[in-house]
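What follows is calculated from the coordinates using simple rules that are stated; it is not laboratory data. Model, not experiment: these values are computed from the prediction. Cβ placement follows ideal geometry from the backbone for every residue including glycine, while neighbour counts extend to all protein chains displayed.
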Amino acid sequence: MARPDSFQKEESEFIEKLVHINRVAKVVKGGRRFGFAALVVVGDGRGRAGFGKGKAREVPEAIKKATEAAKKNMIRVPLKEGRTLHHDVNGRHGAGKVLLRTAQAGTGIIAGGPMRAVFESLGVADVVTKSLGSANPYNMVRATFGALKNQVSPRSVAAKRNKKVSDIVARRDGYNASQAEATEASDAKVTE
């Protein structure tokens, strides 16, 4: 049975990144049987991403299974100006530790290996990351997604506190303004 056109368009809008393929061997009476495990990251480039793993006897089948698993457990991450994170955050899974930092426009994706695939599929344009623990791609990807789940936007914070977004963001700006006023007042006294 043919798939409807809308379903095919939905599939093509996802960015799929193959992160890692692992060849495993099972020793049997006649020799070894080889299998493959694939780790895939899938995203829409607009703040949604997921990862999945798949195992099969052939590489394409393992990738297909991993892609389907990734599409099933996608998460939404709030992005600041659609290009970077709202705040710095740490993530951990097993021995894998990651640090994700927000970055200025034009910085680009400063990330290695598995984390780069996550941010490219997520649609983040500017981010600085550091892997502090294990270099195992499975742990790095899980730690990265753990950190991204802890990412909150000013809108969600305002909703939880029953305040306006401008009150939450204005506090930071208001603090800087009050500091500037105090500095100007002290400068005025010195000049008199």
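As a calculated quantity, the FRET efficiency between A105 and R33 at R0 = 45 Å, using C-beta atoms, amounts to about 0.30. Taking a straight Cα-Cα cut-off under 24 Å and skipping sequence neighbours fewer than 8 places away in the same chain, the lysines within cross-link reach of K65 are K9, K17, K26, K53, K55, K149. Listed by chain and number, the lysines placed with their C-alpha closer than 21 angstrom to that of K164 are K80; residues fewer than eight positions away on the same chain are left out. In this rough spin-label picture, where each label sits 7 Å from Cα along the Cβ direction, the V157-E68 distance is 4.2 nm.
Calculated FRET efficiency, A95 to A25, Cβ-Cβ distance, R0 = 30 Å: about 0.75 to the nearest 0.05.
With R₀ fixed at 45 Å, the C-beta to C-beta distance from H87 to K55 puts the FRET efficiency at about 0.80. When each of D44, D88 is scored by the number of other beta-carbon atoms lying within 10 Å, the sequence from fewest to most is D88, D44.
Computed over neighbours whose Cβ is under 12 Å from that of A66, the net charge equals +4, Lys and Arg +1, Asp and Glu -1. Over all other residues within a Cβ to Cβ distance under 10 Å of A37, the charged ones net out to +4, with Lys and Arg as +1 and Asp and Glu as -1. Arranged from fewest to most other beta-carbon atoms within 10 Å of their beta carbon, F119, F34, F14 become F34, F14, F119.
From least to most packed, judged by other beta carbons within 10 angstrom and beginning with the fewest, L99, L122 follow the order L99, L122.
When a/c is below 1.5 the answer is rounded, else prolate if a/b is larger than b/c, else oblate, so apply that to region 5-149 with a ≥ b ≥ c taken from the square roots of the Cα gyration tensor eigenvalues. Oblate, because a/c is 1.5 or more while a/b does not exceed b/c.
Multiplying the residue separation of A135 and D167 by 0.36 nm and removing their Cα-Cα distance gives an extension gain of 7.4 nm.
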